[in-house]
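S.K.: Just dropping this structure here.
The values are calculated or read from the model by the stated rules, or taken from the named source; none is laboratory data. All values derive from a computational prediction rather than experimental measurement. So basically every Cβ, Gly included, is an ideal-geometry build from the backbone, and we count neighbours across all protein chains shown. Keep in mind that these areas ignore ligands, DNA and RNA; they rest on the heavy atoms of the full protein, side chains included. Shrake-Rupley method; radii C 1.70, N 1.55, O 1.52, S 1.80 Å.
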Amino acid sequence: MNNLVEELKWRGLVHDIMPGTEEQLLKEMTTTYIGFDPTSDSLHIGSLVPIILLVHLEQFGHKPIALVGGATGMIGDPSGKSDERNLLDESTLEKNVAGIKAVLSRFLDFNSTDVNAPILVNNYDWMKDFSFINFARDVGKRITVNYMMAKDSVKKRLAGEGEGMSFTEFTYQLIQGYDFHHLYKTHHCLLQMGGSDQWGNITTGTELVRRMNGDGAKAYAMTCPLITKADGSKFGKSEGGNVWLTADKTSVYKFYQFWLNTSDMDAEKYIKIFTFLDKNTIDLLIAEHLKALHLRALQKRLAEELTTFVHGKEELEKAIFASNAFFSPTMDDLTKLDDITFVEVFDGVPNAEITKEDIARGIDMIAALSAKTGFLASNSDARRELKQNAISLNKAKVAEDYKITEQDLIKDKFLVLQKGKKNYYLIKVI
């Protein structure tokens, strides 16, 4: 069996690893689980790393378990949080759990009959009938308060300026630890993986496995680094918020553009983390990229690989088509886009709104460029640019005497003004 840990290390995907973990993974097929917190009905790109880890596990012959925290989601993980989170009601959690299961099913075949076929579980299934008395007797007595207090996630909250930590959140590590014990008993799960902020919760689980299953019980832990951007800003955020893995929350075009706009330094790091390209291919890509940074070869390959992985080849081709449509010399390609993608292609381009009544009356180009939209500062600026043949409407040059009518509308609601080659302005007709 190939060395999974070695593979993950060169990709920058190992932060902490418990002694004996690498040896266990080399010895035999090892059942391994990663948990997903159901705080939303979808997953964003911050969850891509654990998904990719599960895929790597399967590719290396191990058996991955994806756990959706229907029970732990009712409490909220305090790791990395400065304040207590609002508790979700049961119906919201059910919706979120179903959404996350649907996302995970796109990357892992839970219906496979292979010996190392992935498994999908929900910890609510084994926690829902667990009484508080039984939990306190069977689980609570196994771990001391001293041990729990020593965890960073607890110490930081208790030392902070907030209201401290509730008993509810304090018990989180025990509940997550019990998940590990349950999966050890039912699936012979020996390893838990997660982000570096989960180290405390995961090691509590390894302790519970040992203390609840006798001296011979073994359990292992491995975490990956939390992904950061080179400029220090938070990974996974765009100007519009999270970048999601479902097209209803983040369109495929915007998803593709997010990776395409990655900085050179981040692209070199992300190509290793977020793709399954082998080391030789990546080394050649980086060398090619460094020879001609302006061609952005690394960003293009990163965007292509990730968009294909998350949304499929057909959706990638649509995203590339939309990206190229903006620079097309005519409006033909842009008119083929759906309304949402059309607006997104012009994201960041200055825009204004005018009414259908304005269009019905006809608008002369001077007004369209200045008074009605503010694209140019004044009527005199508009006249000068028009006389210099510098103005285009819907990518076709227009003269000073041109009048805009309903016949010019794209999709019955848009007009595209342009000064020179690079200055665009979008008019939305309401």
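S.K.: Across bins of 10 angstrom width beginning at 0, how are the C-alpha pair distances of the stretch 108-170 distributed, in whole percent?
M.R.: 16, 28, 27, 22, 7, 0
S.K.: With the convex hull built on the Cα atoms of the stretch 124-254, state its orientation-averaged projected area in nm². Intermediate results must be reported in sequence, preceding the final value.
M.R.: Details: hull surface 46.3 nm².
So the Cα hull casts an average projection of 11.6 nm².
S.K.: Please identify every one of the chymotrypsin sites (Phe, Trp or Tyr not before Pro) in the stretch 113-209 that sits in a loop by DSSP and has no more than 15 other beta carbons within 10 Å of its own beta carbon.
M.R.: Details: sites: TYR124, TRP126, PHE130, PHE132, PHE135, TYR147, PHE167, PHE170, TYR172, TYR178, PHE180, TYR184, TRP199; in loops: PHE130.
Filter output for the stretch 113-209: PHE130.
S.K.: If the cut-off is a Cα-Cα distance under 25 Å, which lysines reach LYS397, setting aside same-chain residues fewer than 8 apart in sequence?
M.R.: LYS336, LYS356, LYS372, LYS387, LYS411, LYS413, LYS419, LYS421, LYS422, LYS428
S.K.: Same structure, new question: Which residues among the stretch 341-366 fall inside the zone where the amide N is under 11 Å from a point 7 Å beyond the Cα of ASN379, along Cα→Cβ?
M.R.: Under cut-off, by backbone N: 366.
S.K.: Just to be sure I understand: of the beta bridges DSSP finds with both ends in the chain, what percent are antiparallel, rounded to 5?
M.R.: Within the chain, antiparallel bridges account for around 50 percent of the total.
S.K.: Over 22 Å, how big is the tail of the calculated P(r) for the stretch 228-344, in percent of all Cα pairs? The partial results should precede the final answer.
M.R.: Numbers: 2507 of 6786 pairs.
I get 37 percent for the Cα pairs in the stretch 228-344 exceeding 22 Å.
S.K.: So, one more: Could you tally the net charge around LEU302, taking each other residue with its Cβ under 12 Å from the Cβ of LEU302, Lys/Arg +1 and Asp/Glu -1? Please report the intermediate quantities before stating the final value.
M.R.: Values: positive: LYS269, LYS272, ARG296, LYS300, ARG301; negative: ASP264, ASP266, GLU268, GLU304, GLU305.
Spelling it out: positives minus negatives among the neighbours equals 0.
S.K.: Here's something else I'd like to know. With a 1.4 Å probe and every protein chain left in place, work out the accessible area per residue of the stretch 81-210 in Å², rounded to a whole number.
M.R.: Details: 6800 Å² over 130 residues.
Spelled out: the 1.4 Å probe surface of the stretch 81-210, per residue, equals 52 Å².
S.K.: Once the Cα atoms of helix 172-187 and of the chain are each reduced to a long axis, what angle between those two axes, in degrees from 0 to 90 to the nearest 10, is obtained?
M.R.: Helix 172-187 sits roughly 70 degrees off the main axis of the chain.
S.K.: Treat the chain as a sphere of radius equal to its Kirkwood radius over Cα pairs and apply Stokes-Einstein at 20 °C in a medium of 1.002 mPa s; give the translational diffusion coefficient in µm²/s, rounded to a whole number.
M.R.: Working: Rh = 24.9 Å.
Translational diffusion coefficient: 86 µm²/s.
S.K.: ASP339 versus GLU314, label points 7 Å from Cα toward the beta carbon: distance in nm?
M.R.: Simple spin-label model gives 2.4 nm for this pair.
S.K.: How much of the accessible area of the chain, probe 1.4 Å, is carbon plus sulfur, in whole percent?
M.R.: Values: 10330 of 20820 Å².
Roughly 50 percent of what the probe reaches on the chain is carbon or sulfur.
S.K.: In addition: I'm a student and want to see the number: the projected area of the Cα convex hull of the stretch 274-430, averaged over all directions, in nm².
M.R.: The number I arrive at for the stretch 274-430 is 11.2 nm².
S.K.: What do you get for the angle between helix 313-325 and the principal long axis of the chain? Use alpha-carbon atoms, 0 to 90 degrees, nearest ten.
M.R.: 30 degrees
S.K.: In Å², and per residue, what accessible area does the stretch 303-396 have when probed at 1.4 Å with the other protein chains present?
M.R.: Numbers: 4720 Å² over 94 residues.
Accessible area per residue: 50 Å².
S.K.: Same structure, new question: Helix 264-273 versus the longest principal axis of the chain: what is the Cα-based angle in degrees, 0 to 90, to the nearest 10?
M.R.: Once rounded, the angle reads 40 degrees.
S.K.: Still on this structure, I have one more. Under 23 Å Cα-Cα from LYS141, which lysines qualify once same-chain neighbours fewer than 8 residues away are excluded?
M.R.: LYS128, LYS151, LYS155, LYS185, LYS218
S.K.: Using θ = phi - 60° and the Karplus relation 6.51 cos²θ - 1.76 cosθ + 1.60, list the HN-Hα couplings for the stretch 365-372 in order, rounded to whole Hz, with x at every Gly or Pro.
M.R.: 5, 4, 5, 4, 7, 10, 4, 7
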